[in-house]
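K.L.:
Quick one: the structure is below, and I'll ask about it shortly.
The values are calculated or read from the model by the stated rules, or taken from the named source; none is laboratory data. These numbers were taken from a predicted model, which means no experiment stands behind them. Neighbour counts are summed over all protein chains in view; Cβ atoms, including those assigned to glycine, are modelled from backbone coordinates with ideal geometry.
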Amino acid sequence: MTDKSDYQPPRVWEWGSESGGQFASINRPVAGPTHDKTLPVGQHPLQLYSLATPNGVKVTVMLEELLALGHKDADYDAWLIQIGDGDQFSSGFVSINPNSKIPAMVDHSSKTPVRVFESGAILLYLAEKFGAFLPQDLGARTETLNWLFWQMGSAPYVGGGFGHFYAYAPENLEYPINRFTMETKRQLDVLDRTLAEREYIAGDDYTIADIAIYSWYGALVEGRLYAADEFLAVDEYPHVQRWARNIAARPAVRRGRIVNRTWGEPSEQLHERHDASDFETRTQDKM
C-alpha cells in the first residue's frame, strides 16, 4: 500500500484538541447547549434568528420578496446570531434548532408557536403559508422542489468542501482543494446547461428554487463568496451569470442580502431588522 501522507488515522478517533482554522473554536463532536440564554422576541409573528451567510440570506430574501408582493403578515424581526461567538449553542437557540445551525425561525401567529429550521424547510414553509413562489401545478411544483433539494444536497460540497479548504483551512491541501473545486465547477455546469434553456431554475417563473440557489451559486459567480470567481473561471458559465445578474437586480434581493450582515461596506450591513424603516436608519446605529 502506498504511503499517502505523514498522517495516519487512529484506530478509534477521539476529540483531543481544536482542529485549527477560522471555525476551530466552535467545532465540537457533541450537540446540545453550552450556555443558558433566552432568545429575544420582537413585535412580529415571524421571528428569525440568523446571520447573513448564504443559508441565512435565503430566508431574508424570501421574506423581503413576500413583503414586496404585499403580504403584510410576512413582516418579521431578524435577530443576529454570531456563529463565531457560539450564539447558536445557547439554550434558547438549541430549543428551536437542535442542530445549532442558522437560520432558525419561530412563527408565533398561531396559538402554539411553530419552530422551523433548515433553510430549505423555512423557504417551503413560507411559500406554503403565503401561497407564493411555489407553483400549484403538480409538475411545476415538483420541478421547483427538485431544484430546492438539489441545492440543499449540493451546496455542502461548495461550503464545507470547496469553501472550507480553499478559504478557511489552516493550510492549503492539494487533494481536497482539487476534489471540491472539480465538484463545484461540475455543479456550476449543471446550472449553466439548465439555464441555457430556461429563464429561471425551474422554468419561466421565479421560485424558492431560485432564491435558494442564488444565495450560494449567484454569490459565487458574482465574486461575493470566498472571492473565488477568478479561481473558478466563472466566465465559463454565461447563463448562470445572466441569471444571477437578473436576480441581483431585484429590490427585495438587495434588501434581503444585507439583513444580519456584519461585515463589508457599512452600506451593505443591517445587523438586525425589526421594521422596514431599518433599511434607512440602521439598527446598529440605534444601539
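K.L.:
Looking for whichever is within 16 Å of the chain's Cα centre (by Cα), at pLDDT 95 or above and either small (Gly, Ala, Ser) or part of a loop (DSSP other than H, G, I, E, B) (or both) here; the options are 220, 232, 225. Which one fits?
P.N.:
On the way: 220 fails: either small (Gly, Ala, Ser) or part of a loop (DSSP other than H, G, I, E, B) (or both); 232 fails: within 16 Å of the chain's Cα centre (by Cα).
After applying the criteria, what remains is 225.
K.L.:
May I pose another question? Give the residues of the range 229-260 that are small (Gly, Ala, Ser) and buried (at least 21 other Cβ atoms within 10 Å of the Cβ), sorted by residue number. First the steps, then the outcome.
P.N.:
First, the residues of the range 229-260 that are small (Gly, Ala, Ser): 233, 244, 248-249, 252, 256.
If the condition is that a residue be small (Gly, Ala, Ser) and buried (at least 21 other Cβ atoms within 10 Å of the Cβ), then 244, 256 are the ones that fit.
K.L.:
Just wondering, is there one or more residues in the range 2-17 that are closer than 30 Å to residue 80 by Cβ, surrounded by 10 or more Cβ atoms within 10 Å (Cβ to Cβ), modelled with pLDDT of 90 or more and outside the structural domain of residue 93 (by TED's automatic domain parsing)?
P.N.:
For the range 2-17, residues closer than 30 Å to residue 80 by Cβ, surrounded by 10 or more Cβ atoms within 10 Å (Cβ to Cβ), modelled with pLDDT of 90 or more and outside the structural domain of residue 93 (by TED's automatic domain parsing): absent.
K.L.:
Cβ-Cβ under 7 Å, sequence separation 6+ or interchain: first residue in the range 155-172 and surrounded by fewer than 18 Cβ atoms within 10 Å (Cβ to Cβ), partner of a type in the set (D, E, K, R). Which pairs?
P.N.:
As it stands, the answer is 157/183, since those pairs meet every condition given.
K.L.:
Are any of the residues in the range 273-287 surrounded by 18 or more Cβ atoms within 10 Å (Cβ to Cβ), of a type outside the set (Lys, Arg) and modelled with pLDDT under 95?
P.N.:
Checked the range 273-287: at least one residue is surrounded by 18 or more Cβ atoms within 10 Å (Cβ to Cβ), of a type outside the set (Lys, Arg) and modelled with pLDDT under 95.
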